[in-house]
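Worksheet: the structure to be examined is printed underneath.
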Amino acid sequence: MAIALIAGGVYWFGFRGDDKDDKADTTSSPSASQSPTDEASDPGADMDRDDEPTDDPTTAIPTPTPTSSLTPYVVLSPGTCFDHPQLSSAVTDVEKRSCNGPHNGEVISNRTLTGSFAGEFSIRSKAMSLCKADAESRMRRMSSRPAPYYFVIYPSYTTYQLKNKKTISCSLTASSTKDGTKLRAPLPN
């Protein structure tokens with residue numbers, strides 16, 4: 001299992017083997033798997049602005065790298081497909097997309113963060129752990145190869161602490177790299 005992180009309310013985590021707020025604080029770091037965070041500029045009905053791989057997974061955990069810009073906090077409903085700036089150089093904010101065309105990811109569940117956190121790393125770790133079971137369960141039901149990555153969108157530490165935003169969106173993607181392979185259809189149930 002590979003894990004990637006995206007801060008500023010957005011992290012991404014993955015499960016793929018590979019042998020080869022207002023504009024609130026957000027951080028991100030991609031890896032073999034990732035997840036997203038903060039508020040989008042084009043809220044939709046399901047956005048809440050307020051609130052040749054192998055079959056063997058790897059356990060490498062990549063080192064997060066900070067982004068140069070903030071990604072607004074967004075909450076996307078399960079079944080919503082999107083493009084994310086950590087995965088696509090064509091967008092600067094999270095943008096909803098049709099699931100029947102090219103898109104970076106699809107939300108599979110939402111979870112709620114609870115408790116106190118010491119900082120960005122602890123909130124990211126909790127967000128990743130909350131999405132891990134949902135992602136692994138969904139991937140076990142899918143027969144497609146290559147296996148997808150999981151990506152988590154969560155609030156930055158500042159957004160969580162000062163704005164009380166606690167919802168995270170768990171999603172699956174086809175790639176863990178910017179401008180990588182996109183999904184082209186809705187995920188199978």
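Throughout, read-outs are computed from the coordinates displayed, never taken from laboratory work. Computed from a predicted structure; not experimentally measured. Positions of Cβ are backbone-derived with ideal geometry, glycine not excepted, and every protein chain shown enters the neighbour counts.
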- Query: In Å, the Kirkwood hydrodynamic radius of the range 92-132 over pairs of distinct alpha carbons?
  - Reply: 12.7 Å
- May I have the convex hull volume per residue, in Å³, for the Cα set of the range 129-174? 62 Å³
- Separation between the R184 and T112 pseudo-spin-labels, each 7 Å from Cα along Cα→Cβ, expressed in nm? 4.0 nm
- Note on the structure: Rounded to one decimal in nm, the spacing of the 7 Å Cα→Cβ label points at T177 and N100 is 3.2 nm
- Task: Would you pull out the residues with amide H under 5 Å of I108's amide H, same chain only if 5 or more places away, H placed 1.01 Å from N?
- Result: G79, C170, S171, L172
- Note on the structure: For the range 162-167, in residue order, the Karplus 3J(HN,Hα) values (coefficients 6.51, -1.76, 1.60; θ = phi - 60°; whole Hz; Gly and Pro = x) are 8, 10, 6, 8, 10, 7
